[in-house]
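Structure, as structure tokens:
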Amino acid sequence: MNVVIYARYSDSKQREESIEAQLKVCHAYAESKGYTVIREYIDRALSGRSDDRPQFQLMIKHSERKQFQKVLVYKLDRFSRDEYDPAIYKAQLRKNGVKVESATENIPDNSFGILIEALISGNNASYSVELREKVKRNLELNAEKCLSNGGTTPLGYKLVRLNPNEEKSKKKYVINEETAPTVQEVFTKYANGWSIKEICDSLNARGLKSAQRAAFNKSSLHTMLCNRKYLGIYIYDGIEIPGGMPQIIDEDLFNKVAEKMKLNKKNPGRARAKAEYILTTKLFCGYCKEKMVGHSSNQISKKGIIFNYYKCKNSGRNKPCKKKMVHKDYIEDIIIMECRKLLTPENISRIAKEVVKIAQSFDDRSALHRLESLIQKAQEEKENQMTSLRACKDDTIREMIFEDLGRIGAEIKELEKQIEIEKERHYVVTEQQVVDHLKSLADGDIKDITYRKSLIRLFVNKIFLYDDKFTITFNTGDEEVTITEVMLSEIEEELSGNSLCFLKNKVHQ
Ligand SMILES: [Zn+2]
């Protein structure tokens, strides 16, 4: 079987195996399995957004040529960046007959494996209350000192080093005396009835620049007028800490602007919030089995609601499939409720048991074994070279042997370092931990997008959607569930109690 290896070394926020070690272990693994490695793809120290991984993208592209059947990775977290990446890329690879395989983790290659991988891969994209708490505490610490957490600095602020003598010192927000007046001007003008376009023109005519150091446009001004940081609120990733920033706009003015914006909202030209189609890669047309994809209608209701749908890729003008479109929130809500139903105490305890069983099989520490056998090999080679050296009289050859010995010595040192890193890892997952995690998922906030995504990513394997029913398979090994129209309306009632807004099977066109 032909395989390729994908290795990645990230910004080293934590200690991790070097590219060389990842490659070595993958090659050793391939050898033990009888695979032929036809190519390596390596991304070194890149910041982590998927488009920053050129070799990864290349590997995905090359998979279309169908010259290899597997992608080997040192650990599965080398493959995934965030929670959506893996599903999408794995689906792409699967289409080309390619599977992803970890050289060091025994995760079963079935739907249950997806669940386990998500739960124990240590990938912090997984919804974890504990993690959020930790992040929050860090942010609070940063906020106390008005420290930057990265990202664009809003106009009106600047960053100064906390410790001026230290180049890598943390930075804190202070008012930028040069640009803060512009922010005040924008708010005041808007509150006094200027249009966004008029304000834009006025600022650009004077050559003033936005936070991105570019000319102002509608979108940058809109962002500014909505930015509650100007009230002195430190905001990061959904967490808000009042008083965590220096204040630029007082509350009266800010509220006045907010009121005005609400009134002007009827204007459909304003930037739309981009809908996230969380069922992408999981939702299929029941009739033609094609993927169902996100589709946003151009129509906007009087109330300013934009209609978002999933539609079969094979449907539409001049396309054969007659599957009707389905309202996005409607179908997503139903699937979410089905996932929650899955999380009964009995099911939770069953899943936890299975997860722990598999986690324990990690304890054979195959990565460690492989590294140790590599060291052993290197040491044998060293011995052999030493023997040759003792027998050798030719100076040129002796020189070459010395060089070899140097290389082997460095290799052994490197491997020893990797083993140390590997030993620090702990794969111990207790049943209670998994139970707690799943319990937290059972009563998460149904409107929280992160929560919704986690539920679907973890539990949903595949959904086939018909016009009057759908079938859903879960990652938990539970039996396929078919939901018919009668059940749909029951769920609807349940949902309306949660005041979720969706249109009743509203079909566009
Ligand atoms: Zn179809």
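The values are calculated or read from the model by the stated rules, or taken from the named source; none is laboratory data. Because the structure is predicted, anything quoted here is derived from the model rather than measured. Note: ideal-geometry Cβ built from the backbone for every residue, glycine included; neighbour counts use all protein chains shown. All accessible areas refer to the heavy atoms of the entire protein, side chains included, with ligands and DNA or RNA removed. Shrake-Rupley method; radii C 1.70, N 1.55, O 1.52, S 1.80 Å.
Quick notes on this structure:
- Fully extending the segment from D436 to N2 would add 152.1 nm, taking 0.36 nm per residue of separation and subtracting the current Cα-Cα distance.
- The range 145-264, accessible surface, carbon-and-sulfur percent (1.4 angstrom probe): 49 percent
- Å² per residue, accessible surface of the range 145-264 at 1.4 Å: 58 Å²
- In this calculation the C-beta distance from S349 to R213 is compared with R0 = 60 Å, giving a FRET efficiency of 0.60.
- Full-stretch length increase - Q247, S388 - with 0.36 nm per residue and alpha-carbon distance subtracted: 43.3 nm
- Under a model in which nothing but the beta-carbon of Lys, Arg (+1) and Asp, Glu (-1) is charged, the range 368-419 shows a dipole of about 120 debye around its Cα centre.
- Sparsely packed trypsin sites (Lys or Arg not before Pro) within the range 150-227, loop by DSSP, other Cβ within 10 Å at most 13: K168, R206, R213
- Members of K311/K453; K289/K319; K99/K453; K291/K324 lying beyond 18 Å, as alpha-carbon distances in this model show: K311/K453; K99/K453
- You can think of it this way: the chain between E177 and Q92 has 25.5 nm of extra reach, that is 0.36 nm per residue less the Cα-Cα gap.
- Couplings for the range 403-411, taken from phi via the Karplus curve 6.51 cos²θ - 1.76 cosθ + 1.60 with θ = phi - 60°, read 4, 4, 4, x, 5, 5, x, 5, 4 Hz in order; Gly and Pro are left as x.
- Proximity of backbone amide H atoms, modeled 1.01 Å from N, is registered between Y41 and I5, Y6, A7 at under 5 Å, excluding neighbours fewer than 5 places apart on the same chain.
- Packing, taken as the mean count of other beta carbons within 10 Å per residue, orders the peptides 397-404, 307-314, 96-103 from highest to lowest as 307-314, 96-103, 397-404.
- Peptides ranked, highest mean first, by Cβ atoms within 10 Å: ranges 382-392, 284-294: 284-294, 382-392
- Just so you know, the Cα atoms of the range 145-264 work out to an Rg and Dmax of 14.8, 49 Å.
- Exceeding the 32 Å Cα-Cα cut-off - candidates K282/K439; K172/K209; K24/K462; K168/K417; K168/K447: K24/K462; K168/K447
- R0 of 25 Å, Cβ-Cβ distance V160-R206: FRET efficiency to nearest 0.05: 0.45
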